[in-house]
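Reading through the structure tokens given below for one structure.
The values are calculated or read from the model by the stated rules, or taken from the named source; none is laboratory data. What you see is a predicted model, and the numbers here were worked out from it, not measured in a lab. Cβ sites come from the backbone with ideal geometry, for glycine too, and all protein chains shown count toward neighbours. With ligands, DNA and RNA removed, areas are computed over all heavy atoms of the protein, side chains included. Shrake-Rupley method; radii C 1.70, N 1.55, O 1.52, S 1.80 Å.
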Amino acid sequence: QKEVEQNSGPLSVPEGAIASLNCTYSDRGSQSFFWYRQYSGKSPELIMFIYSNGDKEDGRFTAQLNKASQYVSLLIRDSQPSDSATYLCAFHTGGFKTIFGAGTRLFVKA
Amino acid sequence: DVKVTQSSRYLVKRTGEKVFLECVQDMDHENMFWYRQDPGLGLRLIYFSYDVKMKEKGDIPEGYSVSREKKERFSLILESASTNQTSMYLCASTRKGPQAKNIQYFGAGTRLSVL
């Protein structure tokens with residue numbers, strides 16, 4: 001079983017819709033969770049981080065964490081074509097290492 | 001703003017060459033990392049360093065070495081480049097301590113082709 005599982009996509013949504021990206025992780029000791037956005041040919045940049053169960057909102061982005069189910073998600077409201085990118089889920093278990101998923105490609109159609 | 005600078009965006013090397021990839025960060029971060037990114041495999045950790053002259057193997061260290069002589073600089077060395085090392089290489093840094101929240105700041109990446 002992979003440490004981080006993400007659907008590779010592409011996930012295609014129309015402009016203005018809600019995009020829902022999902023991620024499961026295997027390590028129950030995971031303490032912190034991240035969503036990074038990576039545009040084609042560019043490096044990853046942090047979108048959201050979350051530590052506690054529940055929802056965390058930042059503008060159009062909402063991260064949801066359910067530690068019992070080992071599940072983290074990212075919702076993007078009012079999706080824009082500029083949101084088209086690959087979204088990497090990641091988690092940190094302590095120590096120095098952060099484990100990254102392979103990413104979900106999102107395509108927002110104008 | 002944190003700035004992580006990788007010396008080259010694109011490199012083309014021959015099989016067997018010794019290759020140096022350089023990374024410099026300007027925010028006095030203690031921790032630095034080298035990843036490679038391949039389609040469908042995500043980011044895989046090659047090596048990391050938590051202090052000057054300190055280094056730890058990541059998940060795929062074979063064929064690579066690193067050097068950290070100064071806090072701001074972390075170099076990745078391919079001792080004898082092979083075609084299976086063709087990849088995107090990403091450098092990242094983080095500050096030590098809980099307040100840093102383990103947020104990774106990435107350089108722009110170096111796309112290496114080994115022919």
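The table below lists the values:
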| item | result |
| --- | --- |
| Residue match in segment A:21-39 (condition: within 26 Å of B:Cys91 (Cα to Cα), within 13 Å of another protein chain (Cβ to nearest Cβ), loosely packed, with under 15 Cβ neighbours inside 10 Å and of a type in the set (Phe, Trp, Tyr)) | yes |
| Entirely in segment A:4-110, the strands (runs of 3 or more DSSP E) that have 3 or more residues that are closer than 26 Å to B:Glu30 by Cβ and touching a residue at least 12 places away in the same chain (Cβ under 8 Å) | A:32-38, A:45-50, A:85-92, A:98-100 |
| Filter pass, B:Val12 being open to solvent by less than 10 Å² (accessible area, probe 1.4 Å), in contact (Cβ under 8 Å) with a residue 12 or more places away in the chain and more than 19 Å from A:Thr98 (Cα to Cα) | no |
| Any chance B:Asp38 is charged (D, E, K, R) and within 14 Å of chain A (Cβ to nearest Cβ) | yes |
| When residues of segment A:90-110 are limited to those that are more than 8 Å from chain B (Cβ to nearest Cβ) and polar (S, T, N, Q), the one surrounded by the most Cβ atoms within 10 Å (Cβ to Cβ) | A:Thr104 |
| Residue ID - farthest from B:Thr94 (Cα to Cα), chosen from residues in segment B:41-59 that are part of a loop (DSSP other than H, G, I, E, B) and within 12 Å of chain A (Cβ to nearest Cβ) | B:Leu41 |
| Cross-chain or 6+ apart pairs with Cβ under 8 Å, segment B:53-70 first and of a type in the set (A, V, I, L, M), then assigned to a strand (DSSP E or B) and open to solvent by 30 Å² or more (accessible area, probe 1.4 Å) | B:Ile60/B:Arg44 |
| Yes/no for B:Met27 being in contact (Cβ under 8 Å) with a residue 24 or more places away in the chain, open to solvent by 50 Å² or more (accessible area, probe 1.4 Å) and outside any strand (DSSP E or B) | yes |
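Matching residues to (1) under 24 Å from B:Phe106 (Cα atoms); (2) at pLDDT 95 or above; (3) not β-branched (Val, Ile, Thr):
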{"position": "A:Ser12", "(1), (2), (3)": "no, yes, yes"}
{"position": "A:Ser20", "(1), (2), (3)": "no, yes, yes"}
{"position": "A:Arg28", "(1), (2), (3)": "no, no, yes"}
{"position": "A:Gln31", "(1), (2), (3)": "yes, no, yes"}
{"position": "A:Gly41", "(1), (2), (3)": "yes, no, yes"}
{"position": "A:Gly59", "(1), (2), (3)": "yes, yes, yes"}
{"position": "A:Ser69", "(1), (2), (3)": "no, no, yes"}
{"position": "A:Arg77", "(1), (2), (3)": "no, yes, yes"}
{"position": "A:Ala110", "(1), (2), (3)": "no, no, yes"}
